[in-house]
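Each remark here refers to the structure printed beneath this line.
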Amino acid sequence: MLKMFDLTGKVALVTGGNRGLGKAISLALADAGADVLIVSRTGASDKLINEIEEKGRRCGTIAFDLAAIDQFDELVEKATEQFGEIDILVNNAGVQRRSDAVEFCQEDWDFVQNVNSKAVFFLCQAFGKRMIEGGSGKIINLASLLSFQGGYRVPAYAGSKGAVALFTKSLSNEWAGKGVNVNAVAPGYIATDMNEALITDEKRSSEILGRIPAGRWGQPEDIAGAVVFLATPAANYVNGEVLVVDGGWMGR
């Protein structure tokens, strides 16, 4: 059974893999046996690269602005030059802007949608083409609780994550029969930099904790385990799933 969760010999590309959820995911994939290529605006830190290499895995990095969607072919070329074919694509990178809906500006709307939704779709497309040609691959997108709920003061984020959930299913419909598993993980409230404003707001944080049956904010490692599962052979018959990891929030 343990072989079903073994990623030895696989290559994983993680966007936004240098901190927060992405860092935990990168480390967990390495623990499962995968070599890891981290793509972020500034690239991966030497410390993280060393941590992964100390696990006996290769670790590479590419500094790339995911808003540069017209350069994704170049990103694919750089990735395959470094590590060969990408077996696992984790679209983790995301951004947030908070504002009352009546004041939400177009610049912020476009920025959030471009990074969280448009870039994710076209990365799926760019790497998915090669996976289809090879007859196998795993794509895991990061959705959100707000793929299902509207949230407060985050209309662009909610819209972008709703899109991720649905085009994950759409891609799965087309690619499942071609050997490519496309799924998503929908994190609940996780203690990361992106949620710092909520964590430090005593009233809002208390309201959130009161709704979570597990009684705590999630940790990045809680999400990493779900991503690893979807990347392994154990999930070969899982297609088009949006796996919610939220401490029971959606069950209430």
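Does Ser147 satisfy being under 27 Å from Arg97 (Cα atoms) and open to solvent by 30 Å² or more (accessible area, probe 1.4 Å)? Steps first, please.
Values: under 27 Å from Arg97 (Cα atoms): yes; open to solvent by 30 Å² or more (accessible area, probe 1.4 Å): no.
No: the conditions fail for Ser147.
Number of residues in the stretch 1-43 that are within 24 Å of Arg130 (Cβ to Cβ), open to solvent by 10 Å² or more (accessible area, probe 1.4 Å) and within 11 Å of the chain's Cα centre (by Cα): the value is 1. In this entry, Ile223 is excluded by the filter for residues that are over 23 Å from Ile86 (Cβ atoms) and either open to solvent by 30 Å² or more (accessible area, probe 1.4 Å) or in contact with a helix residue (DSSP H, G or I) (Cβ under 9 Å, 6 or more places away or on another chain) (or both). Has the stretch 60-72 got any residue that is touching a residue at least 12 places away in the same chain (Cβ under 8 Å), over 28 Å from Gln96 (Cα atoms) and among the aliphatic types (A, V, I, L, M)? Within the stretch 60-72, none of the residues are touching a residue at least 12 places away in the same chain (Cβ under 8 Å), over 28 Å from Gln96 (Cα atoms) and among the aliphatic types (A, V, I, L, M).
Conditions tested, residue by residue: (1) farther than 20 Å from Val164 by Cα; (2) modelled with pLDDT of 95 or more; (3) surrounded by fewer than 14 Cβ atoms within 10 Å (Cβ to Cβ).
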site: Leu75; (1), (2), (3): yes, yes, no
site: Gly84; (1), (2), (3): yes, yes, yes
site: Ile88; (1), (2), (3): no, yes, no
site: Ala93; (1), (2), (3): no, yes, no
site: Asp108; (1), (2), (3): no, yes, no
site: Val115; (1), (2), (3): no, yes, no
site: Phe122; (1), (2), (3): no, yes, no
site: Gln125; (1), (2), (3): no, yes, yes
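Kindly indicate whether any position in the stretch 194-202 is closer than 17 Å to Gln113 by Cβ and either surrounded by fewer than 16 Cβ atoms within 10 Å (Cβ to Cβ) or of a type outside the set (Val, Ile, Thr) (or both). Checked the stretch 194-202: at least one residue is closer than 17 Å to Gln113 by Cβ and either surrounded by fewer than 16 Cβ atoms within 10 Å (Cβ to Cβ) or of a type outside the set (Val, Ile, Thr) (or both).
Among residues belonging to the stretch 113-148 that are in a helix (DSSP H, G or I) and among the charged types (D, E, K, R), point out the one that is farthest from Asn181 (Cα to Cα). Before the answer, list the steps.
Within the stretch 113-148, the subset in a helix (DSSP H, G or I) is 113-134, 145-147.
Among the residues that remain, those that are also among the charged types (D, E, K, R) are: 118, 129-130, 133.
Numbers: Lys118: 20, Lys129: 13, Arg130: 13, Glu133: 14 Å.
Filtering first and then ranking leaves Lys118.
Looking only at the stretch 52-73, which residues are within 21 Å of the chain's Cα centre (by Cα) and open to solvent by 60 Å² or more (accessible area, probe 1.4 Å)?
Within the stretch 52-73, the first condition is being within 21 Å of the chain's Cα centre (by Cα), and the residues that meet it are 52, 57-73.
Those that are within 21 Å of the chain's Cα centre (by Cα) and open to solvent by 60 Å² or more (accessible area, probe 1.4 Å): Arg57, Arg58, Ala63, Asp65, Asp70, Gln71, Asp73.
Close Cβ contacts (under 7 Å, 6 or more residues apart or on different chains) running from residues in the stretch 189-212 that are closer than 15 Å to Arg153 by Cα to residues that are open to solvent by 70 Å² or more (accessible area, probe 1.4 Å) and at pLDDT 90 or above comprise Ala197/Arg98. Being at pLDDT 95 or above, over 15 Å from the mean Cα position of the chain (by Cα) and either closer than 22 Å to Leu27 by Cβ or open to solvent by 50 Å² or more (accessible area, probe 1.4 Å) (or both) is a property that does not hold for Pro187. Among the residues of the stretch 65-86, the ones that are more than 18 Å from Ser40 (Cβ to Cβ) and not in a helix (DSSP H, G or I) come to 2 in all. Among the residues here, Asn173 does not qualify as in contact (Cβ under 8 Å) with a residue 12 or more places away in the chain and not in a helix (DSSP H, G or I).
Here Glu103 qualifies as under 23 Å from Met194 (Cα atoms), without any contact (Cβ under 8 Å) to a residue 24 or more places away in the chain, open to solvent by 80 Å² or more (accessible area, probe 1.4 Å) and not aliphatic (A, V, I, L, M). Within the stretch 190-237, the set of residues being hydroxyl-bearing (Ser, Thr, Tyr) and either at pLDDT below 90 or in a helix (DSSP H, G or I) (or both) comprises Thr192, Thr200, Ser205, Ser206.
The values are calculated or read from the model by the stated rules, or taken from the named source; none is laboratory data. Bear in mind the structure is a predicted one, so any value in this text is a computation, not a measurement. Glycine gets a Cβ as well: all are built from the backbone with ideal geometry, and neighbour counts include every protein chain shown. Remember, those area values only see protein heavy atoms, side chains included, never the ligands or the DNA or RNA. Shrake-Rupley method; radii C 1.70, N 1.55, O 1.52, S 1.80 Å.
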